[in-house]
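**Q** Take this structure, written in structure tokens, and hold onto it; I'll ask about it next.
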Amino acid sequence: WGAPCPMTILFLLGLIVSSDAHGQSPVRKKTHSFKIIKGRRAFRKQFFRTRAESPTARSRDKEFCCYIPDVLPREMFERVRDECARLKPRFQAEDGSFAVGRQGITLNSTNTITKIMESDTISKQIKDLTSSRNSLADFPIELRSYSPGSHMDWHVDDVLYAKPQCEAILTVEQTSDSKTEWLDSNGKVTSVRTLPNSLLIVQAGSVRHRVTPLTRGERVIVKACYSETTEKAPGFENQMPVYTAQGQSSRLQRVTTSNKLIMLAAYFLFAAAVAFQDYAEELRSAVGGLLLHR
């Protein structure tokens, strides 16, 4: 066997890097495709909840979708709004999302909004409404912004935990004409223009919903997950939100642990090949010298 060619090793290493950079994004990729139902049911009550048997629900035999207006005390909501205004200049484009034209930012555990979403004011209502022990999950809380042209088509939220989480959407600003719509188990559509300080709770893996396209104004929301368990569902890491500067891509940064190990192994293989090639040259010279002396 001859020594491996260093150029061949470099070529293979290039393939590994380029496949990660130019391949399909693994982050929050959804492939759901649903027929949009034209019929609508007017939203007349201040409070709406659906909980019905659904043969199409995934990972759970119940559907749950709940809309609550004026969920936070005025002073607490103003703190959320002020923090959102402070962070808004940092919003970046969302990369690899099913949504179109959405921007946002993730919040750390010490942020004011995180503390409020973790408080009993919201978490207790979620526990009571879902008859569960749901608490704020360790999935990042996000501030999201929709502007004209932004939308999110019909989809079902991916299950992130061993028990499907509840996803809570707190509307902070709403000057747009966009509406949030969801389907019940009978195929009927409920359409709501979510107002500031309202909370929409959706059970992951069950309820089909969408955000209609904006033609004017802006919609700013806080999105948080609540779960009964910390046990992760398969693919949890691939659902992590990624925000990047406009026009840039973070795909080169999204190198999985396995790819890092492969690249490291390729590097050592290349180094070994170069060292072996040098050693082989010296060995051939030494053998040639011996033969000449004989």
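**Q** Pairs LYS115/LYS179; LYS127/LYS163; LYS88/LYS232; LYS179/LYS223; LYS127/LYS179; LYS163/LYS188: which are spaced more than 24 Å apart, C-alpha to C-alpha? Intermediate results must be reported in sequence, preceding the final value.
**A** Numbers: LYS115/LYS179 28 Å; LYS127/LYS163 14 Å; LYS88/LYS232 30 Å; LYS179/LYS223 16 Å; LYS127/LYS179 26 Å; LYS163/LYS188 26 Å.
Checking Cα-Cα distances, LYS115/LYS179; LYS88/LYS232; LYS127/LYS179; LYS163/LYS188 exceed 24 Å.
**Q** Can you run phi through the Karplus equation (6.51, -1.76, 1.60; θ = phi - 60°) for region 130-138 and list ³J(HN,Hα) in whole Hz, with x for Gly and Pro?
**A** Rounded to whole hertz, the list is 9, 6, 9, 9, 4, 9, 4, 7, 8.
**Q** Something else about it: For labels at THR110 and ALA271 in the simple 7 Å Cα→Cβ model, what's the distance in nm?
**A** Calculated label separation equals 3.7 nm.
**Q** If amide H atoms are built 1.01 Å from N in the plane of the peptide, which residues on other chains or at least 5 residues away come under 5 Å of the amide H of LEU214?
**A** GLY149, SER150
**Q** Give me the percent of DSSP beta bridges within region 153-208 that run antiparallel, rounded to the nearest 5. Could you put the intermediate results ahead of the total?
**A** Values: 10 of 10 bridges.
Of those bridges, close to 100 percent are antiparallel.
**Q** Here's another thing I want to ask about it. Read phi for every residue in region 213-223 and hand back ³J(HN,Hα) as whole Hz from Karplus 6.51 cos²θ - 1.76 cosθ + 1.60, θ = phi - 60°, with x for Gly and Pro.
**A** Working through the residues one at a time gives x, 8, 10, 7, x, 8, 10, 10, 9, 10, 10 Hz.
None of the figures in this text is laboratory data; all of them are computed from the coordinates on show. On a predicted model such as this, the values are computed, not experimentally measured, just so you know. For neighbour counting, all protein chains shown are included, and Cβ atoms are generated from backbone atoms with ideal geometry for every residue, glycine included.
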